[in-house]
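The values are calculated or read from the model by the stated rules, or taken from the named source; none is laboratory data. Everything numeric in this text was worked out from a predicted model, so none of it was measured. As a convention, Cβ positions derive from the backbone with ideal geometry for all residues, glycine included, and neighbour counts pool all protein chains shown. Surface areas here come from the heavy atoms of the whole protein model, side chains and all, with no ligands, DNA or RNA. Shrake-Rupley method; radii C 1.70, N 1.55, O 1.52, S 1.80 Å.
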Amino acid sequence: MTRKRLGFFTRLLDDAPAKERYRLATEQIRHAERYGFDSAWIAQHHFHEHEGGLPSPLVFLAHVAAHTSTIRLGTAIITLPLENPLRVAEDTAVLDLLADGRLEVGFGSGGTPTSFLPFGLTINERAATFADHLHLIHSAWRGDSLTHPDNHLYPPAPQLAERVWIATFSVDGAVRAAQQGHGLMLSRTQPRPADNLALTLDQIQNPIIDAYLDALPSGVAPRILASRTAFVADSDAYALKVAEPGLTRQAQQHRAAGHALTGDAVTDYIQQFDAHIGAPQTVLASLQRDSVLARATDISFQVHSVEPSHQDTLRSIELIAEQIAPHLL
């Protein structure tokens, strides 16, 4: 059986100014590389620094590429409707060369309605715009002429077509990703239907995987990346102490947005936000109950929406590598 690939994911949310966030995230990725992680993934967010700290993921990854040598570097995700697709094609082509072929390109359609407005779009236009932009990027990477016979992407990047990942919450999105031979990106948590709040995350995501595998063309190997919240510390008590402020804040925001939650203890929030928190054996036992992870080809771990210190994040990376990954991958 092929070994699953281990990833580290960050939304660059350390409690610090932007420059310091970027320095800390770079150090965290370098630490993950030292501890044998296969990949590092970063998110893109425009304008809202409390959702994510990075509007320019390809610029940041070029910096990280210069400070690493083996770890694969991925976007999770580029909000494609809000980008100029030809510039994305050009920037990913250059970055992949600078990174010695280590780039993985994750795309998504975005989910914050107000972020679309400064780009001259509404969120209702995102699906059609996403499809148009993705088509143009593939055309450019492939070497097609662009409007004029003399215009072709330079540097050429046909290799990137095999490293595209699509983030989706839906069966329909999984089918579209599969039909184009793309990888499938699954989120660390998903909203529950109002009439069935007790659904587990794997009960929601397994049908998405089923649809993806059924629609995948013959001969195309599946690529399924499951992101999960995992904060690991040397004891359950310390992990819960660190996790409580961030999860409590997330619960307050969740309720303010009109979503239902049960209970007011950090242990209640852990279950409802699909978080895996505690000492290594606690987190491992929790992860082993998630049937999606057995089907994934790649698993990426993030500490969000827990808000640990930088040192606690580094320690979590170490414990995942040493005490969880050997049993999970």
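Cβ-Cβ below 9 Å, separation at least six or inter-chain, first residue in segment 142-154 and surrounded by 13 or more Cβ atoms within 10 Å (Cβ to Cβ), second assigned to a loop (DSSP other than H, G, I, E, B) and hydroxyl-bearing (Ser, Thr, Tyr): which pairs?
Partner pairs satisfying both residue conditions: His152/Ser145.
Looking at segment 5-18, is at least one residue closer than 19 Å to Met185 by Cα and surrounded by fewer than 20 Cβ atoms within 10 Å (Cβ to Cβ)?
Yes, there is a match, as at least one residue in segment 5-18 is closer than 19 Å to Met185 by Cα and surrounded by fewer than 20 Cβ atoms within 10 Å (Cβ to Cβ).
Pairs only if they're at least six apart or on different chains, beta carbon under 7 angstrom, first in segment 242-253 and over 17 Å from Gln271 (Cβ atoms), second assigned to a helix (DSSP H, G or I); list them, first residue then second.
As it stands, the answer is Val242/Asp312, since those pairs meet every condition given.
Ile166: assigned to a helix (DSSP H, G or I) and either of a type outside the set (Gly, Ala, Ser) or at pLDDT 95 or above (or both), yes or no?
In short, no.
Taking segment 245-261 on its own, how many of its residues are part of a loop (DSSP other than H, G, I, E, B) and either farther than 18 Å from Ala198 by Cβ or among the β-branched types (Val, Ile, Thr) (or both)?
2
Whether any residue in segment 122-141 is in contact (Cβ under 8 Å) with a residue 60 or more places away in the chain, in contact with a Leu (Cβ under 7 Å, 6 or more places away or on another chain), aliphatic (A, V, I, L, M) and more than 30 Å from Asp210 (Cα to Cα) is what I want to check.
no
What are the residues in segment 148-165 that are closer than 12 Å to Glu104 by Cα and not hydrophobic (A, V, I, L, M, F, W, C), if any?
Listed by number, the residues that qualify are Gln159, Glu162, Arg163.
If you go through segment 115-131 one residue at a time, how many are open to solvent by 70 Å² or more (accessible area, probe 1.4 Å), farther than 17 Å from Ile77 by Cα and touching a helix residue (DSSP H, G or I) at 6+ places or on another chain (Cβ under 8 Å)?
Final tally of qualifying residues: 2.
Could you list all residues from segment 88-114 that are within 20 Å of the chain's Cα centre (by Cα), surrounded by fewer than 21 Cβ atoms within 10 Å (Cβ to Cβ) and touching a residue at least 40 places away in the same chain (Cβ under 8 Å)?
Residues satisfying the conditions are Gly101, Thr112.
Take the residues in segment 50-87 that are assigned to a helix (DSSP H, G or I), of a type outside the set (Gly, Ala, Ser) and more than 18 Å from the chain's Cα centre (by Cα); name whichever of them is surrounded by the most Cβ atoms within 10 Å (Cβ to Cβ).
Result: Pro85.
Got a number for residues in segment 293-303 being of a type in the set (Ser, Thr, Tyr) and in a strand (DSSP E or B)?
So the answer is 1.
Hey, does segment 281-292 have a residue that's closer than 20 Å to Gly36 by Cβ, assigned to a strand (DSSP E or B) and touching a strand residue (DSSP E or B) at 6+ places or on another chain (Cβ under 6 Å)?
Taking every residue of segment 281-292 in turn, none turns out to be closer than 20 Å to Gly36 by Cβ, assigned to a strand (DSSP E or B) and touching a strand residue (DSSP E or B) at 6+ places or on another chain (Cβ under 6 Å).
For segment 25-49, give me the residue count where each residue is part of a loop (DSSP other than H, G, I, E, B), surrounded by fewer than 18 Cβ atoms within 10 Å (Cβ to Cβ) and of a type in the set (Asp, Glu).
So the answer is 1.
Could you grab me the full set of residues in segment 262-280 that are at pLDDT below 90, of a type outside the set (Asp, Glu) and either open to solvent by 30 Å² or more (accessible area, probe 1.4 Å) or in a strand (DSSP E or B) (or both)?
Residues satisfying the conditions are Thr262, Gly263, Ala265, Thr267, Gln271, Gln272.
Could you please let me know if Ile209 is crowded, with 16+ Cβ neighbours inside 10 Å, in contact with a helix residue (DSSP H, G or I) (Cβ under 7 Å, 6 or more places away or on another chain) and modelled with pLDDT of 95 or more?
So Ile209 fits the description; yes.
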